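Below: one structure, written as structure tokens.
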Amino acid sequence: MQDGPREDAYDVVVIGSGIGGLSAGSLLAKEGQKVLVVEQGEGPGGYAHSFKRGVYTFDPGISVFPQGHDHALPVAVLDYLGTRDRCRFVELESNYRAVFPDFEIETPFGLDEFIEAHARAFPNEAKNIDAFFRLCRTMHKQAHELPPQLGLGALDEAAKRFPTLFKYINATTQEALDEHFQDDRLKAVASVSWPYLGLPPSRLSYLTFSTVLSVYLEGCFYPEGGFQSLANALAEGMQHHGGELVLNTRATRIVVEDGHVAGVQFGDDGQEVRCRRVVSNADAAGTFEELVGEDQLPAAFVKKLRRMKPSVSAVIVFVATNLDLRAHGAVHEVFRPLHFDHDQTYEDMLQGKPGGMFGTVPTLASPSLAPEGEHLLIVHSLAAYDIGRPWPGEVERYTDEVMTAFEQVFPGLRDSITFLETATPLALERHSRNQRGAAYGWENTPAQTGGKRSPHVTPLDGLFLSGHWTQPGSGSLRALVSGVHTAQMVLSSLGEPGIALDHPDLPPAG
Ligand SMILES: Cc1cc2nc3c(=O)[nH]c(=O)nc-3n(C[C@H](O)[C@H](O)[C@H](O)COP(=O)(O)OP(=O)(O)OC[C@H]3O[C@@H](n4cnc5c(N)ncnc54)[C@H](O)[C@@H]3O)c2cc1C
């Protein structure tokens, strides 16, 4: 790894090496731009940066990745960069298991199969189940077909062409559930995957819920060896095409001259490199407030930024065990709601109790993460950054409550732990510099979803955003896709032809 930039000037400096920063940086390097990525952490990947504890390898912030199929855009990007062989996506056997207090369901991939599994559990509402999940698919399809940049004049036409999308575009997930189902337990079961998006159905954008669910139903993957292999494949692809990655280096200032980006300062001594474009993969508010300075931005933009709300954070409990989790019914993802009322779960979370929990067993897909005969269980539990008490004093109690919840899923777990460590929102904030340890960028409310997130193109000439604070939204896949969009826009702003990759999901150049 290089310990500083080799040049004084670059075409593009990327701040942050999360998946969104790396996808933008690698594609820009591939298209011939001189790229420098600066990363404050000790390795690339952001929330995808795996870490080692003795013989174990853990992922801090991603457990599943949709679209690892051979024909999907992420794989095509790796292929295009020449590093596809560096990241092997293992297809997961089943979608998720959800263990409620006195009910459980295991769901398969495939829309028809998913509908059938729910209809078997709630036969009286089989027709409603079919209608609800097919509506999710229609929303996803129409959102996918909607042109990315719609002028005001084109809105009426789009509303006619995509009536379902426009009918529900501002709906919450709860509104769609209430419209379709009678049984409150069914509503809870159908929306049990809400923790993937950080908000309970009553506040979660239905557009976001339905598109994410539909994409996940097409199949999910885990990169062999952990998510670091995805980050490494992108980073190596960038370096292979002449891009540079500098670690342990925090950007402290985006230099602005005559209203245009002119460079980036970093490190304790304020070292500066010149550049024509900056892509920020860092926290959006931090980018504008700390790196740029509000005096460089239009007042209306700053006002809007101040109204945006970040998503919740998480507590993550990292467990290694010699219990045979597969024999205990483990699948890759297990949701563990302690109530049928998701609002109650969210309230628990705000009070500092575990809530919105999902446990991942990555060793089913990638056994090499732990020694033979052992499994890893990573429990993600949504958490407020501020619970009115210091987090360090809460760790023992919190971990104990999480272990109690998962002991009921895997009896014998507590007595067979070989490693246990807990990360709080403070650690997430420290490692990612996402404000308040935000797990998913901006909150996924209807008011902050899709085109209402921070745009890639900013009011500061030459500054672009990439990652989960911008469009299309949160999650590793969408962070990667946002990098592809950003790369296209940066190339266009430089008067260059777009990315020369032939793929149906590639956003248009310019
Ligand atoms: C607990 C948890 C579970 C999750 N589970 C999933 C999941 O299963 N599937 C999924 O798809 N998504 C999941 N997510 C969400 C997903 O991890 C994120 O949405 C996505 O990885 C964000 O990627 P990003 O590119 O926006 O940037 P980030 O991963 O946030 O990375 C930003 C990078 O910028 C760097 N940086 C910030 N400021 C500076 C600076 N000033 N100078 C230099 N570097 C800087 C940071 O160090 C970091 O490396 C989860 C998130 C969490 C927290």
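Could you check the stretch 350-365 and list, in sequence order, the residues that are hydroxyl-bearing (Ser, Thr, Tyr) and in contact with a helix residue (DSSP H, G or I) (Cβ under 7 Å, 6 or more places away or on another chain)? Matches in the stretch 350-365: THR363 only.
If a residue has to be aromatic (Phe, Trp, Tyr) and assigned to a helix (DSSP H, G or I) to count, how many in the stretch 210-222 make the cut? Write out each step before concluding.
Residues of the stretch 210-222 that are aromatic (Phe, Trp, Tyr), as a first pass: 216, 221-222.
Going one step further and asking which of them are assigned to a helix (DSSP H, G or I), we end up with 216.
Adding up the residues that qualify gives 1.
Against the definition (within 29 Å of PRO504 (Cα to Cα), free of Cβ contacts under 8 Å to residues at least 24 places away in the same chain and surrounded by fewer than 24 Cβ atoms within 10 Å (Cβ to Cβ)), how does VAL90 come out, yes or no? No; evaluated as a whole, the condition is false for this residue.
Is it the case that some residue within the stretch 136-159 is over 27 Å from LEU506 (Cβ atoms) and modelled with pLDDT of 95 or more?
Of all residues in the stretch 136-159, those over 27 Å from LEU506 (Cβ atoms) come to 156.
The next check asks that each one be modelled with pLDDT of 95 or more; those that pass are none.
No, because not a single residue in the stretch 136-159 is over 27 Å from LEU506 (Cβ atoms) and modelled with pLDDT of 95 or more.
Contact map, the stretch 16-39: first residue within 16 Å of LEU78 (Cα to Cα) and of a type in the set (A, V, I, L, M, F, W, C), second residue in a loop (DSSP other than H, G, I, E, B) and near the ligand (Cβ under 8 Å from one of its atoms), Cβ cut-off under 7 Å, separation 6 or more or different chains; pairs are LEU22/PRO44; ALA24/SER466. You will find that of GLU496, GLU421, GLU443, the residue that is within 14 Å of the chain's Cα centre (by Cα) and more than 11 Å from the ligand (Cβ to nearest atom) is GLU443 and no other. Restricting attention to the stretch 489-510, does a residue exist that is closer than 25 Å to ASP59 by Cβ, in contact with a Phe, Trp or Tyr (Cβ under 6 Å, 6 or more places away or on another chain) and modelled with pLDDT of 95 or more? No, because not a single residue in the stretch 489-510 is closer than 25 Å to ASP59 by Cβ, in contact with a Phe, Trp or Tyr (Cβ under 6 Å, 6 or more places away or on another chain) and modelled with pLDDT of 95 or more.
Determine if the stretch 481-502 includes at least one residue that is of a type in the set (Asp, Glu) and closer than 16 Å to VAL215 by Cα. Before the answer, list the steps.
Taking the stretch 481-502 first, the residues of a type in the set (Asp, Glu) are 496, 502.
Of the ones still in play, those that are also closer than 16 Å to VAL215 by Cα are none.
Among the residues of the stretch 481-502, not one is of a type in the set (Asp, Glu) and closer than 16 Å to VAL215 by Cα, which makes the answer no.
When ILE62 is tested against the conditions (1) part of a loop (DSSP other than H, G, I, E, B); (2) touching a Ser or Thr at 6+ places or on another chain (Cβ under 7 Å); (3) farther than 30 Å from TRP194 by Cβ, the lone failure is (3). Restricting the stretch 15-59 to residues that are part of a strand (DSSP E or B) and more than 9 Å from the ligand (Cβ to nearest atom), the residue that is nearest to VAL273 (Cα to Cα) is LEU36.
With more than 16 Å from the ligand (Cβ to nearest atom), under 19 Å from PHE227 (Cα atoms), assigned to a loop (DSSP other than H, G, I, E, B) and assigned by TED's automatic domain parsing to the domain that holds ASN232 as the only criterion, which of ASP70, ASP79 stands out? Break it down stepwise before answering.
Working: ASP79 fails: assigned to a loop (DSSP other than H, G, I, E, B).
Sole residue among the options that is more than 16 Å from the ligand (Cβ to nearest atom), under 19 Å from PHE227 (Cα atoms), assigned to a loop (DSSP other than H, G, I, E, B) and assigned by TED's automatic domain parsing to the domain that holds ASN232: ASP70.
This table checks each residue for (1) within 11 Å of the ligand (Cβ to nearest atom); (2) farther than 20 Å from ILE62 by Cβ; (3) over 17 Å from the mean Cα position of the chain (by Cα).
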{"position": "LEU426", "(1), (2), (3)": "no, no, yes"}
{"position": "ALA439", "(1), (2), (3)": "yes, no, no"}
{"position": "PRO459", "(1), (2), (3)": "no, yes, yes"}
{"position": "GLY475", "(1), (2), (3)": "yes, no, no"}
{"position": "SER482", "(1), (2), (3)": "yes, no, no"}
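With (1) within 30 Å of ALA9 (Cβ to Cβ); (2) in contact (Cβ under 8 Å) with a residue 24 or more places away in the chain as the list, and SER202 as the residue in question, which single condition is left unmet? Going through the list (1) within 30 Å of ALA9 (Cβ to Cβ); (2) in contact (Cβ under 8 Å) with a residue 24 or more places away in the chain, SER202 breaks only (1). Of the set (1) surrounded by 24 or more Cβ atoms within 10 Å (Cβ to Cβ); (2) in contact with a strand residue (DSSP E or B) (Cβ under 9 Å, 6 or more places away or on another chain), all apply to VAL481 but (2).
Residue by residue, here is whether (1) assigned by TED's automatic domain parsing to the domain that holds PRO367; (2) touching a Cys at 6+ places or on another chain (Cβ under 9 Å); (3) buried (at least 24 other Cβ atoms within 10 Å of the Cβ) holds:
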position: LEU186; (1), (2), (3): no, no, no
position: PRO200; (1), (2), (3): no, no, yes
position: ARG203; (1), (2), (3): no, no, no
position: LEU207; (1), (2), (3): no, no, yes
position: LEU234; (1), (2), (3): no, yes, yes
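Here LEU413 meets each of (1) within 15 Å of the ligand (Cβ to nearest atom); (2) touching an Asp or Glu at 6+ places or on another chain (Cβ under 7 Å); (3) not polar (S, T, N, Q) with one exception, condition (1).
Sub-6 Å Cβ pairs linking a first residue in the stretch 474-488 that is outside any helix (DSSP H, G or I) to a second residue that is crowded, with 24+ Cβ neighbours inside 10 Å, at least 6 apart or interchain, are SER474/TYR440; SER474/GLY441; SER474/HIS468, ordered by first then second residue. Taken over the stretch 372-383, the criterion of being in contact with a helix residue (DSSP H, G or I) (Cβ under 8 Å, 6 or more places away or on another chain) and over 18 Å from TYR47 (Cβ atoms) is satisfied by GLU374, HIS375, LEU377. Within the stretch 297-337, the set of residues being under 13 Å from PHE410 (Cα atoms) and among the β-branched types (Val, Ile, Thr) comprises VAL319, THR321, VAL331, VAL334.
Within the stretch 205-217, not a single residue is within 11 Å of the ligand (Cβ to nearest atom) and within 17 Å of GLY46 (Cβ to Cβ).
The values are calculated or read from the model by the stated rules, or taken from the named source; none is laboratory data. As the structure is a prediction and not an experimental result, all values here were calculated from the model. Cβ sites come from the backbone with ideal geometry, for glycine too, and all protein chains shown count toward neighbours.
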